[in-house]
Amino acid sequence: MPTIIDNIELDETNEEFNQAADFVSSTDKLIFLTGKAGTGKTTFLKYIKSVTDKNTIVVAPTGVAAINACGVTISSFFQIPFGPFVPNDKRLRTSKDIGDNDDSTIYSTFRYSVEKRSIIEGLELLIIDEVSMVRCDTLDTIDRILRVFRKKPLIPFGGVQIILIGDPFQLSPIAKNDEWQILSQFYKDRFFFSSNVMKSLIIQKNYLHFELKKIYRQKEQDYIDLLNRVRVNQVLDSDLKLLSARFNPLYNPKEVDNYIILSTHNTQVDQTNKTKLDELQSELVIYSGELKGVFPTKDGQPVLPTDLELKLKEGAQIMLLKNDIGRKYFNGKIGKIKSLSKTVIVVEFSDGTKVPIEKATWEHIEYSWNKEKKKVEEVIKGTFTQYPLRLSWAITVHKSQGLTFEKVFADLGAAFTDGQVYVALSRCMSINGLHLKSIIRREAINANKSVIEFAKNETPGTLIVQQLNEGKADFYYKKSREALLDNDFESAFTNFITAIKFRNDIETELFKRYLIAVYSRLLSNKRIVNSLIEESDKRKIEIEEVRDECNNLQLENESQSKKLNEQNISLKLLFDKIKELEKSKDISEKKSNDLRLELSKVNDNLSSTQAQNKSHEKKISELQNIIKIKEQEIIRVKNIKWYQKLFGAK
């Protein structure tokens, strides 16, 4: 079953592609993978990313390149400050010099979080895409960071396998004049291969230089040959004559469907697209993209593959920005808007095919470290959803890198950098699809001499198999040693057997020394183990004595526990009795309080009665006195004689 990557079926017959992929998966070798335009460099990156089990990070020099590579920018991952870094820069040293008032060190320059340090320490594979645009000092800075933070200062890139992908014959690194004035004192030119780390690897032949040969973009061999000569600045008079035949300054692309104008400057492109859109009489429809989470920014604006507010009209010329799953279109294909609605955009291509375009989602990822799995994992920090197209009457040569067009109208009169003409011409699939606004003269076709010299370092095909076997042997011997250090003897043996299939080191002096070192370590470990066993035996006797004492104490403890249980039972009964008495006491106190209350009432009644009795006694006494007086009066009256009554006696 064929392998599909980014909706592209891989070519199983592509020898260089397969060999390079084998090197990545089965060795730790640093690899530079290059190739002419349209040879599948981006497909190679995405294939490796999909199949490798190594802890992998993908970085690129620009935001758009990072999105296309499904990675992050170099500056965001390594947090490299803007501006040049020179060799022996104080910001890259591990400690300050005595008496130096400048406190700068690599640890103050790069204040990595604990998680970022874990990612760097666990990193196994670093892929740098579009490396042709990476400046020399940037690669040296990456090398220094990895050496220091991985604590492997003597190994290039701290032992991380590096895959550099790009074509130096295309767009070169950008360095401002003031930056290059500084860097030119230390570097021959600004390309990545002029970095100190790469110069050392080139001298030692300690890296693999692959060039993908098979071109998939163009099918016409004459045009392929012409582009190859333009690429290395070896154009023939016949090539210039053929290009001159494509010169037509009065050519009007709007008369022919689906031509794209390639220009060297952004202002020309923006003005062309705006003017063309304004000329259309159809209704303007605006499609709002959906931006979630975090996306990288430039000048305060998010770096996106197309507009957040996409302004379109029927008849507008657009370029697709994604490969279609059904292969009805590809990234870079030009078409025109056939119809627009709020939910559907239909694009018509030059062959009359009409295709409804669905929204696509781009992801901005960051990397995190999984402590348990000890793996680098991708974390989606933001997503951008929008229709995968943008206005494309015109596009800059710089932004066209990596894209393929059927028909191109190239405005290269203001070409100003090495490789710019090659990039522009190689975007077109055929010579018949190419029109030129200005004549391309020989002096406008530039290929940097340093690039031409570096290209000679391509690893010869005769050495590929030998280098691959050497790399595989080194890789599996290394895995065997690592497994041995982890006491994983089964993996150590399996990897050792695999290694000797590629290179038998058993009879070498180096292997002998390593084996002696391992045996010495094992013997030393054995002595340590024996000593530990003796110590363990002594400890066993002491443990038995302690165990006996513990047993005696346990028996005594059980006896004490039994007594304690009996006491607890007695105490429980006593507590129960106390509770009963307390309950009786409470009842008695309640009755006593009731009696006191009753007594108080009785006393109150008694006092009242006594007071009444005293009052009654007083009245009785008064009545008794009255009775006594009355009785005395009765006696007195009774004693009056009758005759005394006659004389008025009373």
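The values are calculated or read from the model by the stated rules, or taken from the named source; none is laboratory data. What you see is a predicted model, and the numbers here were worked out from it, not measured in a lab. Please note: Cβ atoms are built from the backbone with ideal geometry, for glycine as well, and neighbour counts cover all protein chains shown. In case anyone asks, the SASA skips ligands and DNA or RNA and just uses the protein heavy atoms, side chains included. Shrake-Rupley method; radii C 1.70, N 1.55, O 1.52, S 1.80 Å.
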Whole-percent carbon and sulfur share, accessible surface of region 1-120, 1.4 Å: 50 percent
Tail fraction, Cα-Cα pairs, the chain, threshold 51 Å, whole percent: 39 percent
Heavy-atom accessible surface of region 341-435: percent carbon and sulfur, 1.4 Å: 48 percent
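So between Thr13 and Gln567, what do we pick up on full extension, going 0.36 nm a residue minus the alpha carbon distance?
Using 0.36 nm per residue and subtracting the Cα-Cα distance, I get 190.2 nm.
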Relative intensity, log₁₀ I(q)/I(0), of region 328-368 from a Debye sum that treats every alpha carbon as a point, q = 0.14, 0.15, 0.19, 0.30 Å⁻¹: -0.42, -0.46, -0.63, -1.13
Radius of gyration and maximum dimension Dmax of region 537-639, Cα, Å: 42.2, 143
Share, in percent, of DSSP beta bridges within the chain that are antiparallel, nearest 5: 55 percent
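Beyond 16 Å, what percent of the Cα pairs of region 112-192 remain?
57 percent
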Under the Debye formula (equal points on every Cα, no solvent term), log10 I(q)/I(0) of region 186-312 at q = 0.22 Å⁻¹: -1.28
For the chain: accessible area per residue (Å², 1.4 Å): 58 Å²
Sulfur and carbon atoms: percent of accessible area, region 574-650 [1.4 Å]: 58 percent
Expected 222 nm ellipticity per residue - DSSP helices of 4 or more, -39500 (n - 2.57), all of the chain, to 500: -15500 deg cm²/dmol
Dimensions in Å of region 44-177 - Rg and Dmax from alpha carbons: 15.4, 52
Alpha-carbon centroid distance for the pair region 116-180 / region 276-316, whole angstrom: 34 Å
Cβ-based net charge around Glu598, under 14 Å, with every Lys or Arg adding one and every Asp or Glu removing one: +2
